[in-house]
């Protein structure tokens, strides 16, 4: 029996880009289906920042503790390729942005706290991580089991 697929069906997303969807077995058997250094660093970043938020939240507030657990579980879920972890990687870290901008009014003062630098760094990393996870070819292939069909886009236009 031949394991190659004879029919390749493309589907467009809300931006008009064409995607070819594949199975989990096809992703795992392809060399691009393995984690690269960037994805490993993203998983490590989520796990470390989640652990730090757990430590900080255990002595300060329950919401920060819960948030730390969610961020840590996102990193662990990405390692095992859980699809919910991929969605959490896109949306959960936005709390860093909210926390940064809620404290941004204090940047014009004489005293700048280390917490503001921590939130600024995490906000910058968050924007880059979210962009890469949403737009990158490898994360889309690994976590969403799809890849772009540039041929279909050139035939349409």
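No lab work stands behind these numbers, since they all come straight from the coordinates. Please read all numbers here as calculations on a predicted model, not as lab measurements. With ideal geometry, Cβ positions are generated from the backbone for all residues, glycine too; neighbour counts draw on all protein chains shown.
Here are a few things to note about the model shown:
- Normalised by the number of residues in region 10-152, the mean separation of alpha-carbon contacts (under 8 Å, six or more apart) gives a relative contact order of 30 percent.
- On the beta carbon distance between residue 24 and residue 87, with R0 = 30 Å, the FRET formula returns roughly 0.95.
- Overall form of region 10-152: prolate. Here a/c, set by the Cα gyration tensor axes a ≥ b ≥ c, is 1.5 or more, and a/b is the larger of a/b and b/c.
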